[in-house]
There are 2 protein chains.
Amino acid sequence: MAAVSAVALPPRLAPPPFDPGSVWLVGAGPGDPGLLTLHALHALTVADVVLHDALVAPEILALANGRLIDVGKRAGKHRSPQLRINQRLITLARQNLRVLRLKGGDPLVFGRGGEEALALAAAGIRFRIVPGVSAGIGAAATAGIPLTHRTLAQSVVFIPGLGAGGTPPDDAALAALARGADVLVVYMARAQAGRLAERLIAAGRSPEQPVAFATDTTTPRQQVRTATLATAGETAAAIPADAPTLLVIGPVVALRDLLGAWQLIEPMRLTPPARVAGLGT
Amino acid sequence: MAAVSAVALPPRLAPPPFDPGSVWLVGAGPGDPGLLTLHALHALTVADVVLHDALVAPEILALANGRLIDVGKRAGKHRSPQLRINQRLITLARQNLRVLRLKGGDPLVFGRGGEEALALAAAGIRFRIVPGVSAGIGAAATAGIPLTHRTLAQSVVFIPGLGAGGTPPDDAALAALARGADVLVVYMARAQAGRLAERLIAAGRSPEQPVAFATDTTTPRQQVRTATLATAGETAAAIPADAPTLLVIGPVVALRDLLGAWQLIEPMRLTPPARVAGLGT
């Protein structure tokens, strides 16, 4: 673990106090440590204990000074039940610790942070919600896909796939979104991508509409696979089952070809490098 | 202006190079300097010139070391035409400067950053897109509104109001979104809120559905006004015309009453405080 003094905020910035006995629900962003917010970095530096999801990148966990507790597993594997996580946050806060609940992306966009905040409020524990760069927004930016564009896309909808902390929309809702939303962003999209694409085509979306799958977004391990709605299922089948996968659907995906060659995407690095394999215990 | 040495990244973090002659399109987040990303802070520190929108909070501009150029005005007032901004980015980059294009929220969610990136690519100028905490996501978090909730809301759609860098959805698209999206987030929502609410009610949304208007989100000046779809127009009329206004529509707005009393929202401060009035020139 880094020494406390090695990671500190610039001297001009005065963060709000992280009081013992309180909980910060913090979004860690999509993966690149450079997409951490200053609040998140501060919380990592001063928290006594960090309860994190499996989706938080090891480069980010390496910045923590407190005890790390992994309460999540990747898609398809076992997770700690939500009620047990809620109870654990309460118990640790009542031990007068500074408790950091760290989630990939933003804590309230399919992060189930709302449920945790409600549990803390019901228990009379003070908490702070620190928004983060949502994985879908970070993935699109790094893949060279503008989620909105003045002439191509006015509206963008975020929906969950399986295991994203929500239930995928039913047929009626999805058909309405297929007609109303210019761009769809699907979180944890791998397992159901083929079926989802079929339903969108059935609702009137063009089979030729471009789509992009982004895995391990904004990290050096990022991969982007493009396809069409018609070939989305086939493309998804080639993605490893444990890779957190964002899917962007819409005409804006085609802009990627115009931007890619000129876009810089190198993430922020740690010096010395994080010992990735040793983390998470 | 702050001296260069006063704002620096922690020594363990090695940011990617910001080369002279390149442009970084950076989201500044919703307002709280604590919601800047580490990439954004780095860019503010090393950029030679910063072209910013009027929506970027003065506390954030105070962290810049380079020359500030204001290329935006608040809703309803004059803006620099987009083509002129694109050309200016290209001209400054060709002068071998480090050019920071700083936008409120995220650069690709109603920020027109996509158009700027396309112009830079067409001119053969290297650029980086740094996503940020989108204003809608930050506003909801700070207002105590989980945008998604496992039982209340599975999908959230982002749409522009007037002056948000996009065209509001037409009647057919909005009617589909009214049926398909559990939560709607409207950017720059003040001027059209009443008419929008009427159209959503006409499409079948309950007039009693709760809504929240958030202005100057995540700053010490933040105000949240709650209403229902039926009273949204009346509530919007009381909001100052130049206040950037986010509108959240959906059942999750009601959760705010359960969270508010226990939620901490104090933003990060600067020491010494930014001389707010002297900025932007």
- Query: Which residue pairs have Cβ atoms closer than 6 Å, lie 6 or more positions apart in sequence or on different chains, and pair a first residue in the stretch B:106-123 that is under 12 Å from A:Leu147 (Cβ atoms) with a second residue that is crowded, with 22+ Cβ neighbours inside 10 Å and of a type in the set (Asp, Glu)?
  - Reply: none
- Identity of the residue in the stretch B:182-218, hydroxyl-bearing (Ser, Thr, Tyr) and crowded, with 19+ Cβ neighbours inside 10 Å, that ends up farthest from A:Val130 (Cα to Cα): B:Tyr187
- Message: Need the failing condition index for A:Gly105 against (1) in contact with a Ser or Thr (Cβ under 8 Å, 6 or more places away or on another chain); (2) surrounded by 24 or more Cβ atoms within 10 Å (Cβ to Cβ); (3) at pLDDT 95 or above; (4) facing chain B (nearest Cβ under 9 Å), just the number.
- Response: (4)
- Query: Tally time: how many residues in the stretch B:112-123 are of a type in the set (Gly, Ala, Ser) and at the interface with another protein chain (Cβ under 7 Å from one of its Cβ atoms)?
  - Reply: 4
- Which residues, counting only those in the stretch A:14-49, are assigned to a strand (DSSP E or B), buried (at least 24 other Cβ atoms within 10 Å of the Cβ) and of a type in the set (A, V, I, L, M)? A:Val23, A:Leu25, A:Val26
- Note on the structure: B:Gly111: passes all of (1) within 20 Å of A:Val253 (Cβ to Cβ); (2) modelled with pLDDT of 95 or more but (2)
- Message: I'd like the residue in the stretch B:222-239 that is without any contact (Cβ under 8 Å) to a residue 24 or more places away in the chain and touching a strand residue (DSSP E or B) at 6+ places or on another chain (Cβ under 8 Å) and, out of all such residues, is surrounded by the most Cβ atoms within 10 Å (Cβ to Cβ).
- Response: B:Ala227
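For (1) in a loop (DSSP other than H, G, I, E, B); (2) hydroxyl-bearing (Ser, Thr, Tyr); (3) over 18 Å from the mean Cα position of the chain (by Cα), each residue gets a yes or a no:
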site	(1), (2), (3)
A:Asn96	yes, no, yes
A:Leu102	no, no, no
A:Phe110	yes, no, no
A:Leu120	no, no, yes
A:Ile125	yes, no, yes
A:Arg128	no, no, yes
A:Gly136	no, no, no
- Note on the structure: The number of residues in the stretch A:126-170 that are surrounded by 19 or more Cβ atoms within 10 Å (Cβ to Cβ), more than 7 Å from every other protein chain (Cβ to nearest Cβ) and in contact with a helix residue (DSSP H, G or I) (Cβ under 7 Å, 6 or more places away or on another chain) is 5
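The values are calculated or read from the model by the stated rules, or taken from the named source; none is laboratory data. These figures come from a predicted structure and were not determined experimentally. All Cβ positions, even for glycine, are placed from backbone atoms using ideal geometry, and neighbour counts span all protein chains on display.
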